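Values in this text are rule-based calculations from the coordinates and carry no lab data. This one's a predicted model, so the numbers in the text were calculated from it and none came from an experiment. Backbone-built Cβ (ideal geometry, glycine too); neighbour counts: all protein chains shown.
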Amino acid sequence: MLSVIIPTEGVEQTAVATLSALVPGAAAGVVTEVLLVDRSPDSSVIERVADVAGCHFMKFEGSHAAALAAGAAKARAPWLMFLPAGAVLDPGWIDETMQFVQSVGAAGRPLAGVFRYARSPYAAVSLRDRLRSVTRALIGPLGDQGLLIAREHYRQVGGYRPDVKRAETRLLRQLGRSSRTMLRSRIVMV
């Protein structure tokens, strides 16, 4: 039902944190495959993590957006979920994802879901974090909030363009407010 694409930068801790949040979804049959797309020069650590976790591994050289596009091209499920490495979803994400997919299918209108951003209560708040919070409030979600989208809808809007800077944010803007919704489940970056 759902392919999860996680771009990594060779950091084991962030990849493992995100994968651990996906385990209940795999057990429930919601997550059918996970693709770790690593752009680091030495991908051996992430390759080992993917092997232990039963994920697909892709070594990739290129931009962040190109890595996302490559992961989406290799994914097989009818729904795609893009998560940044280090993202941990609320425990209720499984039920909400199932409801969202069913309601989009029943409505017959393409709609993408973005997770509600929540800052880790243990993280130090920097000026950059505060500016990003203001940006989220003024212009909407940013690329680090994850994305849940049907494969066909992803193709219709053109997906992540490898040659565009900040392609995640650009795709969210292109979807527009009428074609995306804010999910109740929160995403916390560790």
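Structure above, values below:
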| item | result |
| --- | --- |
| Packing-based exposure ordering (other Cβ within 10 Å, fewest first) of GLU33, GLU12 | GLU12, GLU33 |
| Dipole magnitude of the chain about its Cα centre (Cβ charges: Lys, Arg +1; Asp, Glu -1), debye to nearest 20 | 920 |
| DSSP-defined beta bridges in the stretch 2-189 - what % are antiparallel, rounded to 5 | 30 |
| Paired Rg and Dmax values of the stretch 23-110, which use every Cα atom, in angstrom | 14.5, 45 |
| Neighbour net charge for ALA15 - beta-carbon separation under 13 angstrom, K R +1, D E -1 | -3 |
| The chain: most fluctuating residue of GLY108, GLY29, GLY146 per GNM, C-alpha cutoff 10 Å | GLY108 |
| Computed over the chain, Cα set: Rg, Dmax in Å | 15.6, 45 |
| The stretch 1-72-the stretch 140-190 distance, computed between alpha-carbon centres (Å) | 18 |
